[in-house]
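Heads up: the structure comes next, in structure tokens.
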Amino acid sequence: MPTDHATETLVVAAPTNRVLAVIRDVEGQPNWVKEVLEAEVLEKHDDGTPATAHFTATSPVGNDSYTLAYEHAPDAMTWSLIKGRLQTGQDGAYMLRDLGHGKTEVTFDLTIRHNLPLPGFLRGRVIKGLVHSTVSGLKAFVEA
């Protein structure tokens, strides 16, 4: 089963609490993650943060629908795949670091497992492109 991983870090010109609020608004992800077509929170934790959510997304290798389970920390949000159509596993994290002066360092780390018979160089290009598109979209949306 192929496993693909990518990570990217960038600085967003916004306070950490604002960045974290945007990240935790998973139903709003279609506004800044161009690959996410639909997002629906299925369950929430007692504090109102998302516990599970269902997504429909597109990528160069096809459309997928999947459900994620979320965990939250004061400076991070992590998730893992509950079920997926193309994916057999997904583990991800947004980790934030307050840089002061209204700036936040954001690291997006994503690992995807699947059964797609694609060459490694193509899979690597797809996941790196997805991670870059996601953090770039987050930066543009938060800074707008």
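The values are calculated or read from the model by the stated rules, or taken from the named source; none is laboratory data. Worth saying up front: this structure is predicted, and the values here are computed from it rather than measured. Note: ideal-geometry Cβ built from the backbone for every residue, glycine included; neighbour counts use all protein chains shown. Quick note on the areas: whole protein, heavy atoms, side chains included, nothing else; ligands and nucleic acids left out. Shrake-Rupley method; radii C 1.70, N 1.55, O 1.52, S 1.80 Å.
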Of all residues in region 62-79, which are exposed (fewer than 14 other Cβ atoms within 10 Å of the Cβ) and over 17 Å from Val22 (Cα atoms)?
Gly62, Asn63
For region 35-61, give me the residue count where each residue is open to solvent by 80 Å² or more (accessible area, probe 1.4 Å) and modelled with pLDDT under 95.
1
Does Thr3 satisfy the condition of being β-branched (Val, Ile, Thr), exposed (fewer than 15 other Cβ atoms within 10 Å of the Cβ) and in contact with an Asp or Glu (Cβ under 7 Å, 6 or more places away or on another chain)?
no
Output the residues belonging to region 85-117 that are open to solvent by 50 Å² or more (accessible area, probe 1.4 Å) and of a type outside the set (Asp, Glu).
Arg85, Thr88, Met95, Arg97, Leu99, His101, Lys103, Arg113, Asn115, Pro117
Could you list, ordered by first residue, the pairs with Cβ atoms under 6 Å in which the first is in region 89-102 and farther than 26 Å from Ile127 by Cα and of a type in the set (A, V, I, L, M, F, W, C) and the second is open to solvent by 30 Å² or more (accessible area, probe 1.4 Å) and part of a strand (DSSP E or B), at least 6 apart or interchain?
Leu99/Glu105
So, in region 20-34, of the ones that are touching a residue at least 60 places away in the same chain (Cβ under 8 Å) and either more than 15 Å from Ala144 (Cβ to Cβ) or out of contact with any Leu (no Cβ under 9 Å at 6 or more places or on another chain) (or both), which residue ends up surrounded by the fewest Cβ atoms within 10 Å (Cβ to Cβ)?
Asn31
Checklist (1) under 14 Å from the mean Cα position of the chain (by Cα); (2) outside any helix (DSSP H, G or I) applied to Val131, failing item:
(2)
Does Phe141 satisfy the condition of being among the aromatic types (Phe, Trp, Tyr) and part of a strand (DSSP E or B)?
no
